[in-house]
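The values are calculated or read from the model by the stated rules, or taken from the named source; none is laboratory data. Bear in mind that the values here come from a model prediction, so they are computed numbers and not experimental data. We place every Cβ from the backbone using ideal geometry, glycine too, and count neighbours over all the protein chains shown.
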Amino acid sequence: MRRLSLPCLACAAVLLANCTASRPPGGASAAGGDPQRGRMLVSQVGCGACHEIPGLRSARGLVGPPLLHMGRRTTIAGVLPNTPESMARWVQHPQAFVARNAMPEMGLSEAQARDVTAYLESLE
Amino acid sequence: MSAWEDTRAPETRRLGAPGLGRELEEIWGEKPGLLGWISSVDHKEIGKRYIVTAFAFLILGGLEAFVMRLQLAGPELRLLTPEAYDQLFTMHGVTMIFLYAAPILSGFSNYLWPLLLGSRDMAFPRLNALSYWIYIAAGLFLYAGFVVGRGPNDGWFNYVPYADRAHDPGINIDVYALGLILLGISTTVGSANFVVTFLRTRCPGMSVNRVPILTWGTLTASVGNLLAVPSVSLAFFLLWMDRQFGTHFFDTGQGQPLLWQHLFWMFGHPWVYAIVLPAMGMVSDGLPTFCRRPLVGYTPVALATVTTMALGFGVWVHHMFATGLPSLSLSFFSAASIIIVIPSAVAVFAWTATIWTGRPVITTAFLFFAGMIVLFVIGGVSGFMTASAPLDWQLTDTYFIVAHLHYVLIGINVFPVVGGLYYWFPKITGRMLDERLGRWNFWTMFLGFNIAFLPMHLLGVLGMPRRIYTYPDGMGWSTTNLIVTLGSALFAAGVLLLLVNVAVSLRRGAKASDNPWAAPTLEWATTSPPPPYNFAVIPSVASRHPLWEARLGESDARSRLDEGLLLDHGRETIATTPLDAEPNLILEMPPDTPAPFLLALGLAIIFSGAAGHWWWLVGLGAVLIIVALLIWFWPNRTHADEPGQAGHV
Amino acid sequence: MASAPFTPASPMGFWQTFGPRADPVTALNWGFSALSVAVVVIVTVLVVAGVVTRAQRGVTDMAGLAVSRPPGGMRWIYIGVALTFVALVASLIWTVAVLAAVNSPAGRPAVTLEVTGHQWWWEVAYDGGPGESFTTANEIHIPAGAPVEVKLKGADVIHSFWIPALTGKTDTIPGRTNLAWLQADRPGVYRGQCAEYCGEQHAHMALYVKADAPADFEAWRQGQLKPGAVPATPDAIAGQQVFFERCGACHTVRGTEAGGAVGPDLTHLMSRTTIAAGTLPNTVANLSGWIENPQALKPGAKMPATYVPPAQLAQLRAYLETLR
Amino acid sequence: MSEGVYRGQPLPVGARGKNSVGWWGMLCLIATEASLFAYLLFSYYYVAIQRGPSWAPQPHPSLRLSGPNTVVLLASSVAVWWGEEGVKKGERGRQLVGLAIAIGLGAVFLVVQGFEWRAKTFNLASGSYGSLFFTITGFHMAHVIAGLLILIAVFVWSAMGYFNIRRHAPVSISSIYWHFVDAVWLAVFFTFYVTPYLFW
């Protein structure tokens, strides 16, 4: 029964909730952005509406792929190699690479895109 | 047994006479085996079952609460789905209010009343058993839905139109409606029993101004229940009709959604007093024992008990201040709700004066009773704040209310009950609870409770609504919620200590004497635990504290505990006049019988059939009920020998 | 926007309020709180001091303990109840005075609006007579410094309208109309939330009152009166067709064939700062995720997952972004 | 006050009229049932006031059947009382006749109520008036049926000679219940059949 497992789930969830805050390390990354600022941008822009993003409690979207292990993936959207440069370009102009795909143009600036990339690359 | 007689002058006997009690043991003892167990009508047996069952529900409700606290420990947690959360908070409320708070007091009162009143049993022992069996049937019925994920999910006050079939089509609400009607039968039957017991089966000399305050509390609660429970049973019946047969009582358009709220709170508010007044009575009786003096202000406290309930019937609208009522009505119900503080103040100052003018002995029971006074005042002042209509517009439906109602229900129910357990455990089991563990028990519960619930007032003022399964960050609620969750864990640990203490002491606790606290009232005049017949001879009393008369040097009051009526021609006790308690009848008490169990089983089957629309099951239950009633009312042969009596009615 | 608008330090708190409907109640709150804290402190001190000073220590067996009946206890009850009574009567008088003070606004309401609680969002209708009426959702604009009358209705179940900084709760009950009023003394954004349990997403049923300077309010009102924008780009034109097919049965865009009355009016969607009754900021990303699968973000919400194919989603977005 | 001391006088054994605990138990039952009907009638008046005069069906409910039927039910109460006085005087025949008349009149009441129900143009689910009318009168009829079953049981026990001049607690207990059921009808009758003429 689902309900019987609730207390166990509960304990697990609390443990998880407490360790998430320490996830993204500070400091600059290969992309030259700040992962902390990137994390804030990701939550402000609303990436979580479509993606499940580890470390962001409100990111529970089921539209796009989950961004689990984004730092270790080899391609972006199946078309770009997962390098900081291409990631920064992708989050700025996804429609330029794959026309009419579901991901909207975010209107991010160059610097913001680097921050977001830094955060995503930190998701080991 | 001797042949039936019309009148008799009962024998008077002195305690210590050889062979006294052996025959009574024979007459009153429980038969062995499962059949004997389900047939027992002994109030002590039923009282213990009530207490154990209610505690089991307390722990279930506590686990539900703890899971909710984990979900709310931080913003946007995803431990529970919204639907799971809704069922949890509803079942938590239903469990604590209906399956714990009232039954635990019924349990203590059932166990204690005949002992306090110097009687051998309640006035209607079989109704007593019936009330317990229906209670547990209703509890299982309500939980049956929850276990399969179809528990009630509209909060314990179940507002329509959300509870309509149109908005909540599952069986969830039907289970709740039928379960509460079933439980209402149990409450009604039990209440009638308390009222008649109070009026008729006190021992000679125990006039109404000499009964312990606990009996005033339970009597008041019972009268309140008799007058209030029909309202909620009716409301749920009408709702069930709306859902099943398309009637128009509460639906939008034809019906009146607000009618539900009126009916619910006309019941709900008196009910709140019904689940605290007996517990306040426990404090009024227990505290003086440890303060080594009689309660200050017996008469004002007894009157305050009754007054609280009487006023309690006139304040239901304060639960509905935000429904858009006219100003005049708001003023009136605010005034009534504010004035109801007065009788509570009487009790608080009576207890405080008892401490100050007494010489308290600090035991665990005393700590729980004294701690209760503080919690009572906190719950009281927050209630006073919500009594003011304009202020209630801000406070209602926030965590301020959650804090308030927990200070009332845990502070004024759970704390006295745990104190009562420490106080009466030796009488019930013959063993003492461990005092050292008891101190730990009190302080973890007291601190845990306050850490968990005091900050909720702040959450309320910061605007956190109740009954939300999650909340966004940035509202200023996150840290406080984490503290609340940690406090609730400490409180849970305190309750766990209590369970450990009970488990250990049951086996290895120090043996208790008949009167380990040197207490004043009649339950301490018999052995620990008491024999099945309670008293070998019926005592007669001449004061409020029959066991303290010598210590207080009261020469004019002479209760007689060592000599009294024998009454051994079958199960008998004495019935007395309602006010002065003069003996006027030898009351014949019924034998053990499985009829109450069968009747409750029949009712449970009928209600299950109604919930699932299995009408054949309803028929089966009805047959069972007829069989049970036949057993119940079958004319008594010994009486039939002599024309003129058709058994017990 | 030059600078961020004023918001209360605690978005939902009511220890500090910003309008004449709430301020007398806030004073009452502080007064009653002070009295309550005082009572709790006094009784706690009395109980603790009584226990500490009067306790018999070192008792191991109570059997031999003496019992006595010292006089003087009743005085506690007389004095205690008398003081309580005085405090209660004073509180009652204050309560009635506050009730009278907040019963109705000082002047005629500058705006009358009708707020309807839905599972789980707020419909807001401005009734200014023919040609002057429009409907929006979840965000109420009012002119600062003027009283506003609010007619409250319930569409399905009972909800409760509550803007802590401006007014206490009034229930929205199906089948009846309740009246409330509010007034914000200064421009700003004041958060509110449904306060009566109303089902699965009771937790996500926020609303915002935006008090504008009178000129700003009038500009906003004029904007809202206009019908939905006519799309100009090819993507937006295609998106409008998608909207008609996929969204129009439930949502309205005034001036178009989309006239559904189940969900919020989207004529000026992009003028609102949040979507889904305060659940998410109104960003293009959130809008995309929401349209595709609201159930992941607000489980139980009445809007189904649409699963619009990616290409159409991009067009739909292009159209929605024109609804300013 | 005698201070409750027992002085050795003989005491009656077992149930005895209004002294029996059963009598007091019945008073409790009546108190709670009376509350039930009070809440039912409250519901009626609440809806009536909220909905206004146009709510109840026109024309006002007819007194043609219900008026005489009220008299029938009251007469049955008198018969029960007359029979109870019989058993108190030790006249078993008079008691049986009284009970038989009461049972007969109660049955007549039920049948007439059946006709009254059938004549209605609305039903349980057609509107809130119909829901209230059929539920409240239905609750009352259920109580009449329960009362009749109790009276029949007492009749049988009386015929079998279980009661005598000193021992007849069940007779008194069932009588008071029957009087209660009749009194409730007066309140129901006043609510449905009289108030519309008075106030609307």
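For this structure, a couple of remarks:
- Exactly one residue out of B:Leu140, B:Leu183 is surrounded by 24 or more Cβ atoms within 10 Å (Cβ to Cβ), part of a helix (DSSP H, G or I) and at pLDDT 95 or above, and it is B:Leu183.
- Residue among B:Ala353, B:Ala365, B:Ala389 that is modelled with pLDDT of 95 or more, closer than 30 Å to C:Lys153 by Cα, surrounded by 22 or more Cβ atoms within 10 Å (Cβ to Cβ) and of a type in the set (A, V, I, L, M): B:Ala389
- Output for the range C:190-228, where each listed residue is within 14 Å of chain B (Cβ to nearest Cβ) and in a loop (DSSP other than H, G, I, E, B): C:Cys194, C:Ala195, C:Glu196, C:Tyr197, C:Cys198, C:Gly199, C:Glu200, C:Gln201, C:Met205
Residues are listed down the side, and each one gets a yes or a no for (1) under 30 Å from B:Ser543 (Cβ atoms); (2) buried (at least 20 other Cβ atoms within 10 Å of the Cβ); (3) at the interface with chain B (Cβ under 10 Å from one of its Cβ atoms); (4) without any contact (Cβ under 8 Å) to a residue 24 or more places away in the chain:
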| position | (1), (2), (3), (4) |
| --- | --- |
| D:Ala31 | no, no, yes, yes |
| D:Gln58 | no, no, no, yes |
| D:Asn69 | no, yes, no, no |
| D:Val80 | no, yes, no, no |
| D:Glu84 | no, yes, no, no |
| D:Gly90 | no, no, no, no |
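- Qualifying residue in the range C:285-306 (condition: assigned to a loop (DSSP other than H, G, I, E, B), hydrophobic (A, V, I, L, M, F, W, C) and within 26 Å of C:Gly192 (Cβ to Cβ)): yes
- In the range B:204-236, residue surrounded by the fewest Cβ atoms within 10 Å (Cβ to Cβ) [restricted to those that are facing chain D (nearest Cβ under 8 Å) and within 22 Å of B:Pro294 (Cα to Cα)]: B:Ser207
- Meets criteria (assigned by TED's automatic domain parsing to the domain that holds C:Leu297, without any contact (Cβ under 8 Å) to a residue 12 or more places away in the chain and within 17 Å of C:Pro304 (Cβ to Cβ)) for C:Ala249: no
- Within the range D:125-145, the residues that satisfy the criterion of being within 23 Å of the chain's Cα centre (by Cα), surrounded by 14 or more Cβ atoms within 10 Å (Cβ to Cβ) and not β-branched (Val, Ile, Thr) are D:Gly130, D:Ser131, D:Leu132, D:Phe133, D:Phe134, D:Phe139, D:His140, D:Met141, D:His143.
- Residue in the range C:55-65 that is of a type in the set (Gly, Ala, Ser) and within 7 Å of another protein chain (Cβ to nearest Cβ) present: yes
- B:Ser543 being within 17 Å of B:Ser207 (Cβ to Cβ) and surrounded by 18 or more Cβ atoms within 10 Å (Cβ to Cβ): yes
- Of residues in the range D:1-21 being part of a helix (DSSP H, G or I) and surrounded by fewer than 20 Cβ atoms within 10 Å (Cβ to Cβ), the one modelled with the lowest pLDDT: D:Gly17
- Set side by side, the residues C:Leu46, C:Leu28, C:Leu35 differ, and just one is surrounded by 20 or more Cβ atoms within 10 Å (Cβ to Cβ), within 16 Å of B:Phe400 (Cβ to Cβ) and facing another protein chain (nearest Cβ under 9 Å), which is C:Leu28.
- So B:Thr485, is it more than 26 Å from the chain's Cα centre (by Cα) and surrounded by fewer than 19 Cβ atoms within 10 Å (Cβ to Cβ): no
- Residue in the range C:295-312 that is at pLDDT 95 or above, closer than 25 Å to C:Val209 by Cα and touching a Leu at 6+ places or on another chain (Cβ under 7 Å) present: no
- Members of the range B:466-476 found to be closer than 20 Å to C:Leu297 by Cα and either of a type in the set (Gly, Ala, Ser) or at the interface with chain C (Cβ under 9 Å from one of its Cβ atoms) (or both), listed by number: B:Arg467, B:Ile468, B:Tyr469, B:Thr470, B:Tyr471, B:Pro472, B:Gly474, B:Met475
- Tally, over the range B:352-365, of residues that are within 8 Å of another protein chain (Cβ to nearest Cβ) and assigned to a helix (DSSP H, G or I): 5
- With respect to the conditions (1) crowded, with 18+ Cβ neighbours inside 10 Å; (2) assigned to a helix (DSSP H, G or I); (3) of a type outside the set (Asp, Glu), D:Arg167 lacks only one, and its number is (2).
- Criterion (crowded, with 23+ Cβ neighbours inside 10 Å and at the interface with another protein chain (Cβ under 8 Å from one of its Cβ atoms)) met by exactly one of B:Ala322, B:Ala335, B:Ala274, B:Ala279: B:Ala322
- The range B:159-177, subset farther than 25 Å from B:Trp614 by Cα and crowded, with 24+ Cβ neighbours inside 10 Å, residue farthest from the other protein chains (Cβ to nearest Cβ): B:Val160
- Note on the range C:91-121: residues that are small (Gly, Ala, Ser) and either within 12 Å of chain B (Cβ to nearest Cβ) or assigned to a strand (DSSP E or B) (or both) amount to 6.
- Scanning the range D:33-53 for residues that are over 30 Å from D:Gly86 (Cα atoms) and more than 7 Å from chain B (Cβ to nearest Cβ) yields D:Phe37, D:Ala38, D:Leu41, D:Phe42, D:Tyr44, D:Tyr45, D:Ala48, D:Ile49, D:Arg51, D:Gly52, D:Pro53.
- Scanning the range C:66-90 for residues that are within 17 Å of B:Ile340 (Cα to Cα) and facing another protein chain (nearest Cβ under 8 Å) gives C:Ile77, C:Gly80, C:Val81, C:Thr84, C:Phe85, C:Leu88.
Conditions tested, residue by residue: (1) closer than 30 Å to C:Gly131 by Cα; (2) surrounded by fewer than 22 Cβ atoms within 10 Å (Cβ to Cβ).
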residue	(1), (2)
C:Gly223	yes, yes
C:Glu245	yes, yes
C:Gly248	yes, yes
C:Gly260	yes, yes
C:Arg272	yes, yes
C:Ala276	yes, no
C:Gln295	no, yes
C:Tyr319	yes, no
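- Number of the condition not met by C:Phe14 [criteria: (1) over 30 Å from B:Gly297 (Cα atoms); (2) assigned to a helix (DSSP H, G or I)]: (2)
- Scanning the range D:1-29 for residues that are aliphatic (A, V, I, L, M) and within 7 Å of chain B (Cβ to nearest Cβ) turns up D:Met1, D:Val5, D:Leu11, D:Val13, D:Ala15, D:Val21, D:Leu29.
Conditions (1) surrounded by fewer than 19 Cβ atoms within 10 Å (Cβ to Cβ); (2) within 14 Å of chain C (Cβ to nearest Cβ); (3) modelled with pLDDT under 95, marked per residue:
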position	(1), (2), (3)
B:Phe446	no, yes, no
B:Phe449	no, no, no
B:Leu454	yes, yes, no
B:Ser478	yes, yes, no
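- Of the helices (runs of 4 or more DSSP H) lying entirely inside the range B:10-88, the ones with 2 or more residues being under 18 Å from B:Val537 (Cβ atoms) and either away from chain A (no Cβ under 14 Å) or in contact with a strand residue (DSSP E or B) (Cβ under 7 Å, 6 or more places away or on another chain) (or both) are found at B:22-28.
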